[in-house]
Amino acid sequence: MAERLELRNLVIESDSPSTSSPVTPNVTSSPKTQIKILGLLLAAISSLFFSLSTLIVKWLDDIDPLELAAFRFVGILIPSVPILIYNKQNPFPKGQRLMLLLRAFAGATSVSLIFYAIRHMPLADASVIVFSVPVIVAIFARIFLKEPCGLFHYFTLFLTMIGVLLITRPPFLFGQSTKQYNILGPLAALLSTFFGAIVYILLRALKNLHFSVIMVTFATYSIIQTTSMAWATGNLCWPKCGTERILVIALGAFSFSGQMLLTIAAQLEEAGLVAIARTVDVVFAFVWQIIFFNEVPNIFSIIGAVLVTSSVVLIGLRKWMMSMPSTSSFRKKFGFLFL
């Protein structure tokens, strides 16, 4: 969730913009149109793999979330090492080491908190809260990078806050008994968005590095952190034979497949449209929750999910519009909506 959006952001920022091929009058569909369809399709398929990963985390309730996070990082590390070697990259470049370690710590903590939230909350609710990371990033970028943050950003932040409140439903607002309210799940989900937003800011500072360097450093450190914490809490154990081991292997495979498809989608299409295509992740989460756990979301969760997803879609539309040439008629006509 948090790093699957991170890798996409890194690729977009580090690669130079692609140029579209000239349109041939006799061709019914241009290469640009075909690339858009392929990029959006890959982004949607990556969401399917990521949602299956969260489903496995929710399903394997006998394995500690920290240990599951470690298996996920192994799934990222193994294929990233050959890419690093092939591109002849230094995995720990001088002058960037502290920033890489900070990024790794924030990413590992974010993923661990996400897995904990999934374990202690309805799957869809946790996924929606984590999905609000792009909105928080805009505010952090204003604070730490001095990027412009206008009325549009504050509006999307307001929608996100209302949506998160409807999903978490704190007792002091909804009159619930505090004895029946488990605050740990929502708190972990909210903290994961905080660390996820920090990762985005650090990635911008590391945009000159090849993505394999960041992924290898991140996965290696994260494996050490999560396994150490699982061992210290006495929850480190080898998965049981049979279904558990198969699902653990699937967790790593789905994580890597989602990352790779999302990377390719980001190279083919603008960041805004990829972000919009990724909103199907929320739909998958609701479907899995109903089918596999027989948990029908209430009206508050549905409204909250709509508000948070709408905020992400609006941010995606703004990124897409800002990627257009300044002479674009669409940008001139609707640009005032995204100030």
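The values are calculated or read from the model by the stated rules, or taken from the named source; none is laboratory data. A quick note: this is a predicted structure, and the numbers were derived from the prediction, not measured. Please note: Cβ atoms are built from the backbone with ideal geometry, for glycine as well, and neighbour counts cover all protein chains shown. Calculation scope for accessible area: heavy atoms of the full protein, side chains included, ligands and nucleic acids excluded. Shrake-Rupley method; radii C 1.70, N 1.55, O 1.52, S 1.80 Å.
Residue-wise test of (1) free of Cβ contacts under 8 Å to residues at least 60 places away in the same chain; (2) closer than 30 Å to residue 250 by Cβ; (3) out of contact with any Lys or Arg (no Cβ under 8 Å at 6 or more places or on another chain); (4) open to solvent by 30 Å² or more (accessible area, probe 1.4 Å).
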site	(1), (2), (3), (4)
119	no, yes, no, yes
158	yes, no, yes, yes
162	no, no, yes, yes
171	yes, no, yes, no
Meets criteria (surrounded by fewer than 22 Cβ atoms within 10 Å (Cβ to Cβ) and over 16 Å from residue 233 (Cβ atoms)) for residue 74 | yes
Number of the condition not met by residue 128 [criteria: (1) farther than 16 Å from residue 196 by Cβ; (2) surrounded by 23 or more Cβ atoms within 10 Å (Cβ to Cβ)] | (1)
Give the number of residues within the stretch 32-66 that are in contact with a Ser or Thr (Cβ under 7 Å, 6 or more places away or on another chain) and under 23 Å from residue 122 (Cβ atoms).
-> 5
In the stretch 234-243, is there at least one residue being open to solvent by less than 50 Å² (accessible area, probe 1.4 Å), closer than 21 Å to residue 65 by Cα and at pLDDT 80 or above?
-> no
Are any residues in the stretch 201-218 farther than 18 Å from residue 70 by Cα, assigned to a helix (DSSP H, G or I) and open to solvent by less than 10 Å² (accessible area, probe 1.4 Å), and if so, which ones?
-> 203, 212, 213
Evaluate the stretch 89-108: report whether one residue or more is closer than 20 Å to residue 305 by Cβ and among the aromatic types (Phe, Trp, Tyr).
-> no
